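S.K.: Please read through the structure below; I'll follow up with questions.
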Amino acid sequence: MSIDAGTHKIGPSNGSLQVKTGKEGAAAKMGHDLVLGVSSWEATVEGGDSPSISLTADPGSIEVVSGDGGASPLSDKDKGKIKKDIGAKVLGSSQITFTSSSVDDGRAQGDLSIAGKSSSVSVPLQVGGGKISGSLTLSQKDFGIKQFSAMMGALKVKDQVTVVFEGQVPTS
């Protein structure tokens, strides 16, 4: 299956962009595995003979969707602190961007920029049923991001995070 020719816009109204985190360290049982949602983002998918994908996301729009595990459920106060820490201590304010250099054989190759640092990535894609989707596991260290920690380092966010996306596009 392929994406229909033309320019297709994807964003929060017809897609989702999430980041899934894990926890580690001596106090890992106290923390939560998080699902973070991005509420301000836009992707442009070009279908046809020269397919391409570009995406821009605002790190300030990242919110906690859910948290599994932990010693107690996440409160609204906890979620607010996590959001603040993501901006102040983890990602900063630089836009997150992806620009493909090629899209073929179920993969998008290109440059991903997070927290002001770029790295070349290969994103596996699934296309069909009017959707494009994918999942990519990233190392925060590859982007110069120091693992967030609490409790004097006894609780850390795992270095590996998984980005999951889905959007509606016409397919044939």
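The values are calculated or read from the model by the stated rules, or taken from the named source; none is laboratory data. Every value quoted in this text rests on a predicted model; they were computed, and no experiment measured them. With ideal geometry, Cβ positions are generated from the backbone for all residues, glycine too; neighbour counts draw on all protein chains shown. Surface accessibility is based on the protein's heavy atoms, side chains included, excluding ligands, DNA and RNA. Shrake-Rupley method; radii C 1.70, N 1.55, O 1.52, S 1.80 Å.
S.K.: Would you check which residues across segment 47-74 are among the hydroxyl-bearing types (Ser, Thr, Tyr) and outside any strand (DSSP E or B) and list them?
M.R.: Matches in segment 47-74: 50, 61, 72.
S.K.: While we're here: I'd like to know if segment 61-79 contains one or more residues that are under 21 Å from residue 9 (Cβ atoms), open to solvent by 20 Å² or more (accessible area, probe 1.4 Å) and polar (S, T, N, Q).
M.R.: no
S.K.: Just name the residue that is least open to solvent (accessible area, probe 1.4 Å) out of those in segment 47-60 that are over 12 Å from the mean Cα position of the chain (by Cα) and not hydrophobic (A, V, I, L, M, F, W, C).
M.R.: 47
S.K.: Could I ask something else about it? Among the numbered criteria (1) within 20 Å of residue 137 (Cβ to Cβ); (2) in contact (Cβ under 8 Å) with a residue 24 or more places away in the chain; (3) open to solvent by less than 60 Å² (accessible area, probe 1.4 Å), which one does residue 8 miss?
M.R.: That leaves (1) as the condition not met.
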